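One structure is given here, and the rest of the page talks about it.
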Amino acid sequence: MAQETSSKTKKSSGRTVRLRVHRQDGPHAPETKRVEEFEIDWHPQMNVISALMEVQRNPVTVEGKTVAPIVWESVCLEEVCGSCTMLVNGKVRQSCTALIDLLSPNGEVVDLAPMSKFPLVRDLQVDRARMFDDLKKVKAWIQLDGTHELGPGPRQSPENQEEAYPLSRCMTCGCCMEACPQVHEGSNFIGPAAISQVRLFNLHPSGKMHAAERLETLMGEGGVADCGKAQNCVEVCPKEIPLVDSIAQVSRQATKQMLFGWLLK
Ligand code: SF4
Ligand code: SF4
């Protein structure tokens with residue numbers, strides 16, 4: 001028989017989960033900044049997204065106040081799209097794979113906050129547009145010109161594929177940007193994700209054709225030389241992308257381009 005799911009009626013298991021949510025009504029409403037706590041019934045295999053969905057069904061705080069439903073972003077629910085990235089207990093990660101049983105084995109409060117390095121949209125949702133704009137800036141694609149049949153491109157060796165595959169797993173989640181001390185309001189550092197994509201597309205036998213253009217976008221202010229080498233990025237990347245290697249490689253490519261690029265023009 002189906003059980004009632006009101007958060008006011010405790011489930012027969014008696015186990016509950018408490019979420020502490022850092023909220024704000026909009027990007028220009030700092031006066032609405034607040035922290036609200038919610039208590040919901042525990043379910044097996046619960047993750048942060050399913051917990052937030054439970055609150056959404058009945059958005060009542062622990063004080064019994066009915067509030068606006070919490071806003072967050074999520075799409076794939078399998079750590080592929082990166083859209084549900086937030087600070088879970090202070091650590092930047094995808095909330096779809098953040099399991100409640102691991103976060104709160106003894107009923108500890110689970111703290112949820114939006115990433116701080118991106119403009120806030122509302123509550124737990126931020127705008128990661130700058131990352132997509134940066135991918136456009138560095139031409140993170142293989143350029144095909146013309147509408148006619150171009151024929152097969154150069155073959156990609158197995159060694160090249162092996163180096164490229166881990167880099168291709170980037171999901172533009174923003175964890176590396178959030179952790180990087182060089183990414184802040186006063187800097188225009190492009191950040192590790194876009195730099196690593198330059199390595200990926202410069203590696204590709206067809207992508208190589210536009211390597212110089214990609215490198216030139218990383219040679220000025222905010223480019224690869226602004227990395228402080230703190231290596232926080234590689235620690236938090238959920239896809240274990242070798243970001244520090246990418247930064248070192250792209251930095252060497254950029255230096256070569258700066259010294260000898262004119263010879264190739
Ligand atoms: S190594 Fe560079 S990109 Fe990575 S966190 Fe440090 S400063 Fe940022
Ligand atoms: S490099 Fe890693 S942490 Fe950075 S955006 Fe890509 S997947 Fe996320």
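The values are calculated or read from the model by the stated rules, or taken from the named source; none is laboratory data. Computed from a predicted model, the values in this text were never measured in an experiment. Every residue, glycine among them, receives a Cβ derived from its backbone with ideal geometry; neighbour counts consider all protein chains shown.
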- Task: Report yes if some residue within region 141-154 is at pLDDT below 95, charged (D, E, K, R) and in a loop (DSSP other than H, G, I, E, B); otherwise report no.
- Result: yes
- Query: Inside region 122-174, can you point out the residues that are within 22 Å of residue 240 (Cβ to Cβ) and in contact with a Gly (Cβ under 8 Å, 6 or more places away or on another chain)?
  - Reply: 128, 131, 134, 171, 172, 173, 174
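Does region 157-168 include one or more residues that are among the hydroxyl-bearing types (Ser, Thr, Tyr), within 14 Å of ligand 2 (Cβ to nearest atom) and farther than 19 Å from residue 76 by Cβ?
Looking for residues that are among the hydroxyl-bearing types (Ser, Thr, Tyr), within 14 Å of ligand 2 (Cβ to nearest atom) and farther than 19 Å from residue 76 by Cβ, one finds at least one in region 157-168, hence yes.
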- State whether one or more residues within region 71-79 are modelled with pLDDT under 95, buried (at least 16 other Cβ atoms within 10 Å of the Cβ) and closer than 22 Å to residue 176 by Cβ. yes
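Only one residue in 138, 121, 92 is aliphatic (A, V, I, L, M) and touching a Lys or Arg at 6+ places or on another chain (Cβ under 8 Å), so which one is that?
Values: 121 fails: touching a Lys or Arg at 6+ places or on another chain (Cβ under 8 Å); 92 fails: touching a Lys or Arg at 6+ places or on another chain (Cβ under 8 Å).
Just a single option satisfies the conditions, and that option is 138.
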- Message: Anything in region 128-148 that is within 16 Å of ligand 2 (Cβ to nearest atom) and free of Cβ contacts under 8 Å to residues at least 12 places away in the same chain? List them, or say none.
- Response: 129, 133, 136
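Which is touching a residue at least 60 places away in the same chain (Cβ under 8 Å), within 30 Å of residue 116 (Cα to Cα) and not basic (Lys, Arg), of 236, 250? Even if it seems obvious, please write down each step before you answer.
On the way: 250 fails: touching a residue at least 60 places away in the same chain (Cβ under 8 Å).
Being touching a residue at least 60 places away in the same chain (Cβ under 8 Å), within 30 Å of residue 116 (Cα to Cα) and not basic (Lys, Arg) holds for just one of 236, 250, which is 236.
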- Message: Taking the conditions exactly as written (within 28 Å of residue 152 (Cα to Cα) and either free of Cβ contacts under 8 Å to residues at least 12 places away in the same chain or in the same structural domain as residue 141 (by TED's automatic domain parsing) (or both)), does residue 187 satisfy them or not?
- Response: no
- Within region 140-167, how many residues are exposed (fewer than 13 other Cβ atoms within 10 Å of the Cβ) and within 16 Å of the chain's Cα centre (by Cα)? 0
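Would you pick out the residues in region 14-33 that are loosely packed, with under 11 Cβ neighbours inside 10 Å and more than 25 Å from the chain's Cα centre (by Cα)?
Just the residues of region 14-33 that are loosely packed, with under 11 Cβ neighbours inside 10 Å, to begin with: 14, 28, 30-31.
14, 31, listed by residue number.
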- Out of region 19-63, which residues are more than 22 Å from residue 79 (Cα to Cα) and either assigned to a helix (DSSP H, G or I) or not assigned by TED's automatic domain parsing to the domain that holds residue 113 (or both)? 30, 31, 32, 57
- Message: Suppose we filter region 42-73 for residues that are polar (S, T, N, Q) and more than 19 Å from residue 20 (Cβ to Cβ); how many remain?
- Response: 1
- Every pair of residues 6+ apart whose Cβ atoms lie under 9 Å, when the first sits in region 76-105 and is in the same structural domain as residue 169 (by TED's automatic domain parsing) while the second is part of a strand (DSSP E or B): none
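Let's see how each residue does on (1) away from ligand 2 (no atom under 15 Å from the Cβ); (2) assigned to a loop (DSSP other than H, G, I, E, B); (3) over 12 Å from the mean Cα position of the chain (by Cα):
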| position | (1), (2), (3) |
| --- | --- |
| 80 | no, yes, no |
| 83 | no, yes, no |
| 93 | no, no, no |
| 96 | no, no, yes |
| 106 | yes, yes, yes |
| 121 | yes, no, yes |
- Task: Determine which member of the set 136, 117 is more than 19 Å from residue 257 (Cβ to Cβ), part of a helix (DSSP H, G or I) and modelled with pLDDT of 95 or more.
- Result: 136
- When residues of region 213-244 are filtered for being away from ligand 2 (no atom under 12 Å from the Cβ) and either among the hydroxyl-bearing types (Ser, Thr, Tyr) or out of contact with any Leu (no Cβ under 7 Å at 6 or more places or on another chain) (or both), how many remain? 18
